[in-house]
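Structure first, then comments.
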Amino acid sequence: QVQVVESGGGLVQPGGSLRLSCVASVSINSIRAMGWYRQAPGKVRELVATITNGGSTSYADSVKGRFTISRDNAKNTVYLQMNSLKPEDSANYYCNVDVLFRDYWGKGTLVTVSS
């Protein structure tokens, strides 16, 4: 069973920054892509950013220019650097790992942007 664990959430003021981390308990060679999704109360889960095994990235329009996804293959870890945070970025952030065409999810980490 693949374990996916997120960390790094918290309370931050508007305009601030946070870095989320996600560790997967599987060889990086088995991972096709990793990504971050978020879900705010009463809303559907939405894609935030993804990064493929080859390093290609994609972002939701709402976070382009503010968020950066990256990965450390040696640590089986993906990061989400979030800058210029806005109250509308508040949500539970979930990490998704595509292992040989099968999806695995973490339990999420809460990000709250508020003054």
(Q) From the alpha carbon gyration tensor of the range 1-61, can you work out the equivalent ellipsoid semi-axes (sqrt of 5 times each eigenvalue) and give them in Å, largest to smallest? (A) 23, 15, 13
Q. Can you pull the percent of the range 1-105's accessible area that's carbon plus sulfur, 1.4 Å probe, other chains left in place?
A. 48 percent
Q. Which whole-number percent gives the relative contact order of the chain, counting Cα pairs below 8 Å spaced six or more residues apart?
A. 38 percent
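Please report the net charge: other residues with Cβ closer than 11 Å to the Cβ of Asn53, K and R +1, D and E -1.
Net charge around Asn53: +1.
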Q: Could you check the simple spin-label distance between Ser17 and Asp103, using points 7 Å along Cα→Cβ, in nm with one decimal?
A: 3.1 nm
**Q.** Distance in nm between pseudo-label sites at Arg66 and Leu110 (7 Å out along the Cβ direction from Cα)
**A.** 2.1 nm
Q | Using alpha carbons only: equivalent-ellipsoid semi-axes of the range 71-115, gyration tensor based, whole Å | A | 25, 13, 8
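Kindly provide the Kirkwood hydrodynamic radius of the range 28-115 in Å, to one decimal, from all pairs of distinct alpha carbon atoms.
Computed over the range 28-115, the radius equals 13.4 Å.
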Q: Pull up all non-local amide H partners of Arg71: gap of 5 or more, or a different chain, and H-to-H distance under 5 Å with H placed in the peptide plane.
A: Tyr79
Q) Given +1 on the Cβ of Lys and Arg, -1 on the Cβ of Asp and Glu, and no further charges, what dipole in debye does the chain carry about its Cα centre, rounded to the nearest 20? A) 40 debye
(Q) Residues of the range 13-48 with backbone nitrogen within less than 13 Å of a virtual label 7 Å along the Cα-to-Cβ line of Val5, please, listed as ranges. (A) 21-26
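Quick one: accessible area per residue over the range 1-73, 1.4 Å probe, rounded to a whole number of Å²?
Accessible surface, normalised per residue, equals 54 Å².
The values are calculated or read from the model by the stated rules, or taken from the named source; none is laboratory data. Note that the coordinates shown come from a computational prediction; the quantities given were computed from them, not determined experimentally. Methodologically, a virtual Cβ is constructed for each residue, glycine included, from the backbone with ideal geometry; neighbour enumeration extends over all protein chains shown. To get the accessible areas, we keep the full protein, side chains included, count just its heavy atoms, and leave off ligands, DNA and RNA. Shrake-Rupley method; radii C 1.70, N 1.55, O 1.52, S 1.80 Å.
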